[in-house]
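Since every read-out is calculated from the coordinates, none of them should be taken as a lab result. The model shown is predicted, which means the values in this text are computed figures rather than measured ones. In this analysis, Cβ positions are derived from the backbone assuming ideal geometry, glycine residues included, and neighbour counts consider all displayed protein chains.
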Amino acid sequence: MKHLVDTGAFIAFFDSSDNYHQWAINIFDTFSRNRVFTCEVVIAEVVYMLRKRINLYAADNFLNAIENGSIQIAFKLSDEVSRLRLLMERYKDVPMDLADACIVRMSELEEYYEIVTVDRDFYIYRRNGRQPLNLVTPFEY
C-alpha cells in the first residue's frame with residue numbers, strides 16, 4: 001500500500017506546535033519504510049511553510065527525509081497537466097489547488113493507496129469521476 005501524503009500531514013509531523021502533531025507522529029510510525037509518497041508541488045509547499053512557520057532546520061529535516069528515501073517522489077507533473085486541469089476545473093468551487101489535484105491524480109494511478117491529509121476537502125474530491133478516496137485523517141466521519 002502506498003501512502004500519498006498531502007502538505008498538511010507533513011507540516012503536522014514536522015511542526016511540534018501543530019494541532020495534529022501527535023496524530024501525525026502516530027500515523028507515520030505505522031508506515032513501512034519506502035511507502036510514503038508525494039509530489040514536488042507538495043514538497044515546495046511544505047518547505048515554504050516550514051521555513052515560514054518554524055525555521056530552516058525543520059525544512060532541512062523534511063528535505064533529509066526525501067534525501068534518505070523515507071519520502072519518495074512518485075509523480076511527473078508534466079505528464080499529467082491535462083488531467084490536473086480537469087480536476088481543478090471540476091472542483092473550482094472548493095477550490096482545488098495544484099497540490100490537491102496532484103494527490104488526487106496520484107490516487108487514480110494507484111490501485112492500493114491511502115491519502116494522508118488534514119485537509120477536509122479530500123472528503124469532497126473523487127478519483128476517476130465518482131470514487132471516494134481512501135483517506136487517513138484525524139477526523140471522524
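Annotations for the structure displayed:
- The packing ranking of peptides 116-122, 73-79, highest mean first, is 116-122, 73-79, where packing means the average number of other beta carbon atoms within 10 angstrom of each residue.
- Pairwise FRET efficiency - residue 139 versus residue 25, Cβ, R0 = 30 Å, nearest 0.05: 0.95
- This model, with +1 at the C-beta of Lys and Arg and -1 at the C-beta of Asp and Glu, gives the chain a dipole about its Cα centre of some 240 debye.
- Pairs of alpha carbons in the chain whose separation is greater than 20 Å (percent): 44 percent
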